[in-house]
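Below: one structure, written as C-alpha cells.
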Amino acid sequence: MDRKELAVVLLLVALVLVAATVRIFWGPVGADRTERPPVARKAGHGAGRGNPSPALAVSIWPPPPEEMLPKDKAALRLFEAAETAGAEGLFGPAIQIYDHFLNRYPDEPACEIARLRMGQCATLAGQHRQAAEYYEKFVEAHPESPFLPLALLWCGESYLELGEPERARLRLAEVVAHHASSPFAKRAKARLEQLQGRKGAVPPRPPTTKKDSGAR
C-alpha cells in the first residue's frame, strides 16, 4: 500500500468517527435549489460570539440513482466516504476521495456522480476556478448525462463568479439552446438576459483569493 492509499484509509477511518458522532442534515430539494449552485449552511444554532463556527452541513444533491451505486463493497465504501465528507462540509477531503475513487474505479457508473460532486464541492468551498474546471471535465466525459444541463449551468455560474462573462455566456447559451425543457433553462436564460442587459459591460471581477489564484 503506497502513501496515497494509506492516507485515504486513514481519512476513511476519521470519517467513520465523524459520521458516528455528528448528525448529517438532509434538507428538501426545492425548485430553486435545482437551478442554483449549492450553498452550504451552518449546522446547529446559537453559536456564541467569538466561538468557532459549527461544522458545515449540506444536502448533497442530486442524490445518486441507486443503479449508479457501486456493487463492489470496497468501491461503495469509498464512494460513501466521499459523500459523507461532502455532507459534513469537508469539501477538500471529499474532492480527494472522489478523485481517488475515479482513479481506482474508472469504469464504475458512480464516476459520473463523482465528477459532478467534485465541482459541487469546489463551488461550496468558494473555489470557483477549480469548480469550473471540474464542470468542464464532467461535460467532456459525460455528454449524454441527464445531469449535463445542471453541470453547464453551474459551470456558467462559476465563470460569472470569476468575472469571465464570455465563457459564462457560452455555457449558459448551451443550456438554453439544447436543454430548453430542463428545469435549469429558466435560470440560464435569466442570467443571459442579465448579461445582455449590461450591454456588453463586464461584471466586476471578484477579489482574488488565494484559492482561486493558486488554481490558475
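The charge dipole of region 144-202, taken about its Cα centre with unit charges on the Cβ atoms of Lys, Arg (+1), Asp and Glu (-1) only, comes to about 260 debye. Computed extension gain for Asp107 through Leu76, at 0.36 nm per residue and net of the alpha carbon distance, reaches 9.8 nm. Note on Leu69 and Glu140: the model spin-label points, each 7 Å out from Cα along the C-beta direction, lie 3.2 nm apart. Can you give the FRET efficiency to the nearest 0.05 for Asp99 and Leu170, using r as the Cβ-Cβ distance and R₀ = 41 Å? The calculated FRET efficiency here is 0.95.
Between the listed residues Leu172, Gly197, Ser145, the Cα displaced farthest toward the positive end of the dipole of region 144-202, a dipole computed from Cβ unit charges relative to the Cα centre, is found at Gly197. Stretching the chain fully between Phe147 and Ser181 yields a gain of 10.9 nm (0.36 nm per residue, less the alpha carbon separation).
The peptide list 131-140, 67-76, put in order of mean Cβ contacts within 10 Å with the highest first, becomes 131-140, 67-76. Rounded to the nearest Hz, the phi-derived 3J(HN,Hα) couplings of region 143-150 under the Karplus curve 6.51 cos²θ - 1.76 cosθ + 1.60 (θ = phi - 60°) are x, 10, 5, x, 8, 4, x, 5, where x marks glycine and proline.
Readers should treat all values here as calculations from the given coordinates under stated rules, not as data from a laboratory. Keep in mind that this is a model prediction, so the values were computed, not measured. Neighbour counts are summed over all protein chains in view; Cβ atoms, including those assigned to glycine, are modelled from backbone coordinates with ideal geometry.
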